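Please treat every number below as a calculation from the coordinates, not as lab data. Since we're looking at a predicted model, the values are computed, not measured. Backbone-built Cβ (ideal geometry, glycine too); neighbour counts: all protein chains shown.
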2 protein chains.
Amino acid sequence: MARIKIEKNSSRKEVIVSKAAALFREKGFKAASMRDLAESVGVEAASLYNHIKSKTELLHEICFGVANRFMHKMDEVEAGSTSAIEKVEQLIRFHIDEMVNHYEEVYVSDREWKHLADPYLSNFQTQRRMYRKRFAAIIEEGIRNKEIKKIDAPTAVLILLHAIGGIESWHRSTQKINASNLTDNMITILVGGLELK
Amino acid sequence: MARIKIEKNSSRKEVIVSKAAALFREKGFKAASMRDLAESVGVEAASLYNHIKSKTELLHEICFGVANRFMHKMDEVEAGSTSAIEKVEQLIRFHIDEMVNHYEEVYVSDREWKHLADPYLSNFQTQRRMYRKRFAAIIEEGIRNKEIKKIDAPTAVLILLHAIGGIESWHRSTQKINASNLTDNMITILVGGLELK
DNA sequence: AATATTTGCTAACATCCGTTAGTATATTAT
DNA sequence: ATAATATACTAACGGATGTTAGCAAATATT
């Protein structure tokens with residue numbers, strides 16, 4: 001009887017969630033089976049249910065874990081007394097950092113949230129919509145202050161967020177430049193594209 | 001017994017593929033069942049198999065249809081005698097146009113190709129890799145000609161392609177700006193971010 | 001009109017899925 | 001050491017899935 005090994009400061013449930021994130025990223029939520037997950041954890045499928053309620057709960061944990069981190073960062077950035085363009089840069093850097101260091105969770109939260117069930121689904125969608133609105137508001141502030149080009153702010157947000165999602169490909173690429181170079185390149189292109197000089 | 005209605009110049013198979021694209025976009029390939037598809041086509045599930053070989057074949061059709069269009073455009077752009085930055089702009093415009101006018105297929109090809117089965121899977125991945133290499137080569141040419149900022153070309157390609165993928169959100173948004181405005185905004189940000197002035 | 005072909009239907013299959021029940025074993029608390 | 005709890009196992013369930021077989025109706029061809 002092989003128990004799930006746990007590291008310091010982490011429950012068995014957290015181990016399962018983490019393995020689930022990797023699996024959902026690789027195969028997609030629907031295509032990843034509980035039996036797959038069990039194998040990756042090193043246990044029989046039924047045993048997982050001593051630690052979790054359902055497969056969907058795993059997706060909740062992943063998606064809201066990520067969403068909460070972004071929301072807190074947004075609170076922090078908004079509260080700061082920096083220019084709009086600096087705020088944008090802070091957010092982009094955070095996104096890249098999250099994508100680099102919590103790759104699996106962020107990726108899954110981005111692409112698999114559709115499979116959440118209500119009320120989590122609507123909750124998640126609302127949070128996502130709010131985040132984008134707040135991001136767009138910062139860009140609009142930048143436009144008013146003549147720091148940023150006159151563009152459609154919601155469109156700019158879409159571009160930024162999805163561009164960052166592209167790190168997914170970088171992450172799995174064989175010849176990757178290092179993370180700090182990657183960040184600099186992205187900032188150059190994205191902030192450079194927004195900035196009014 | 002209600003037959004599948006066909007428009008001029010389209011087979012019944014094409015109708016099915018088109019409905020499949022819409023369904024795969026909405027639910028994801030794995031979550032969309034053949035019974036779902038049958039209902040959307042207006043027929044029983046088994047009847048679909050008079051026109052197609054398998055569910056996966058539908059995904060082949062969608063993914064390679066899209067991939068071929070992009071490859072042909074790349075041939076055309078490469079052959080033209082324009083500056084590198086103009087080539088980049090042509091490609092971006094084509095991507096946006098494809099995303100706006102063939103939304104479902106492009107979206108599915110982008111996000112669901114994982115579920116292709118070999119040998120189609122490796123074939124598709126190779127095509128995708130080649131396309132990006134050719135795109136990156138154009139950017140590198142632009143850097144040599146001092147049209148484009150000194151950035152990592154593969155990273156720039158990732159950003160561009162994923163940024164365009166963001167049109168997905170625009171497409172379903174309720175308050176969308178019109179397609180031509182969208183394109184202009186994207187060109188401003190993306191080409192503006194690359195250009196060395 | 002007769003025949004051949006295409007397209008649809010119902011029924012059923014084998015397989016996989018998430019999950020539960022019941023039980024055995026390992027760990028922790030007393 | 002004993003009791004209590006946490007964790008794992010085997011077995012099985014009901015339901016969904018992709019697909020096939022066999023047959024009926026619609027359409028196309030002669």
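Placing a label point 7 Å from the Cα of A:Thr82 along the Cα-to-Cβ direction, the distances to the matching points in the other copies come to 3.7 nm, shortest first.
Relative contact order of chain B: 22 percent, from C-alpha pairs under 8 Å at least 6 residues apart in sequence. If the reach is capped at under 25 angstrom between alpha carbons, list the lysines near A:Lys5, excluding any in the same chain fewer than eight residues apart. List returned: A:Lys13, A:Lys19, A:Lys27, A:Lys53, A:Lys55. Can you give me the Cα centroid spacing of the stretch B:107-121 and the stretch A:75-106 in angstrom? Result: 32 Å between the Cα centres. In this rough spin-label picture, where each label sits 7 Å from Cα along the Cβ direction, the A:Ser54-A:Ser81 distance is 4.9 nm.
Taking the helices alone, chain B has a mean residue ellipticity at 222 nm of -23000 deg cm²/dmol, built from -39,500 (n - 2.57) per DSSP H run of at least 4 residues and averaged over all its residues. Each 10 Å bin from 0 upward holds the following percent of the Cα-Cα pairs of the protein assembly as shown: 4, 20, 30, 26, 14, 4, 0.
Sorted fewest first by neighbouring Cβ atoms within 10 angstrom, A:Ile138, A:Ile167, A:Ile187 come out as A:Ile187, A:Ile138, A:Ile167. When Rg and the Kirkwood Rh are both derived from Cα coordinates, the Rg/Rh ratio for chain B amounts to 1.03.
Shown here is the pair-distance distribution of the stretch A:1-115: with all Cα-Cα distances grouped in 5 Å bins from zero up to the longest one, the shares run 2, 11, 20, 19, 16, 12, 8, 6, 4, 2, 1, 0 percent. If the viscosity is 1.567 mPa s and the temperature 4 °C, what Stokes-Einstein diffusion coefficient in µm²/s follows for the stretch A:48-163 when Rh is the Kirkwood radius over Cα pairs? Rounded, D is 85 µm²/s.
Select the chain A residue whose beta carbon lies nearest to the rotation axis carrying chain A onto chain B, and write the distance in whole Å. Rotation axis A onto B, closest Cβ, rounded to whole Å: A:Gly193, 1.
For a straight C-alpha distance cut-off of 26 angstrom, the lysines reachable from A:Lys87 (same-chain residues fewer than eight places away being disregarded) are A:Lys73, A:Lys133, A:Lys146, A:Lys149, A:Lys150, A:Lys197, B:Lys149, B:Lys150, B:Lys176, B:Lys197. The same position A:Asn68 in the other copies lies at 5.0 nm from this copy, comparing label points 7 Å beyond Cα toward the beta-carbon, shortest first. For A:Ile148, the residues 5 or more places off, or on other chains, whose built amide H falls under 5 Å of its own are A:Ile143, A:Leu196.
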